[in-house]
Amino acid sequence: MHVTLTRDELISALKHYRSIAKQDILLAGDTPEMQPIKNRAETRRQIYAELISVTEQAGPDGALAQAKAAYRELQALAQVGEDKEAELHALENFFILVGVSTPSAA
């Protein structure tokens with residue numbers, strides 16, 4: 001599948017996603033009861049940063065290929081922890097952004 005967004009469009013959108021995750025981190029603050037929310041937001045922010053880097057180096061189609069591979073790898077795990085669920089969520093957001101359905105575990 002081919003990504004129809006240009007490199008610059010995709011990078012801009014991913015930067016927006018990353019800024020939303022940063023807002024979630026700031027809103028969570030440093031209270032213990034908000035730590036899980038903060039951890040998930042930090043994980044999403046990291047995934048978006050990685051996708052930005054891949055897009056800069058390999059273009060939108062390269063980022064899509066890496067995201068699909070990472071998603072399948074996460075799905076293959078019998079149980080995913082909270083941080084892995086945040087990774088899945090970030091990757092699912094990416095698939096929505098580029099207009100593809102989430103890949104199957106096969």
Q | Ile25, Ile47, Ile96 arranged by Cβ crowding within 10 Å, fewest neighbours leading | A | Ile96, Ile25, Ile47
Q: Would you kindly state how much longer the chain becomes between Ala65 and Ser53 on full extension, computed as 0.36 nm times their sequence separation minus their alpha carbon distance, in nm to one decimal?
A: 3.0 nm
Q: May I ask which residue of Ala76, Ser53, Ala28 lies farthest towards the positive end of the charge dipole of the range 7-98, with charges of +1 (Lys, Arg) and -1 (Asp, Glu) on Cβ and the Cα centre as origin?
A: Ser53
**Q.** For the range 7-98: relative contact order, % (alpha-carbon pairs under 8 angstrom, 6 or more apart)
**A.** 33
Q.
At 0.36 nm per residue, and after removing the present C-alpha to C-alpha distance, how many nm does the segment from Ser19 to His2 gain when stretched out fully?
A. 3.5 nm
Q) What distance in nm separates the simple spin-label points at Ala76 and Ile37, each placed 7 Å from Cα in the Cβ direction? A) 3.5
Q) What is the mean projected area of the alpha carbon convex hull for the chain, to one decimal in square nanometres? A) 6.6
(Q) Taking the Cα centre as origin and putting +1 on Lys and Arg beta-carbons and -1 on Asp and Glu beta-carbons, what dipole magnitude results for the chain, to the nearest 20 debye? (A) 140
Q: Would you be so kind as to identify all helices of the chain, as entire DSSP H runs, whose Cα atoms reach 30 Å or more along the helix's own axis and whose mean Kyte-Doolittle hydropathy is at least -0.5?
A: 7-28
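FYI, it's all coordinate maths here, none of it is from the lab. This structure is a prediction, so every number in the text was calculated from the model and none was measured. Because the Cβ atoms are built from the backbone with ideal geometry, glycine has one as well, and the counts that use them run over all protein chains shown.
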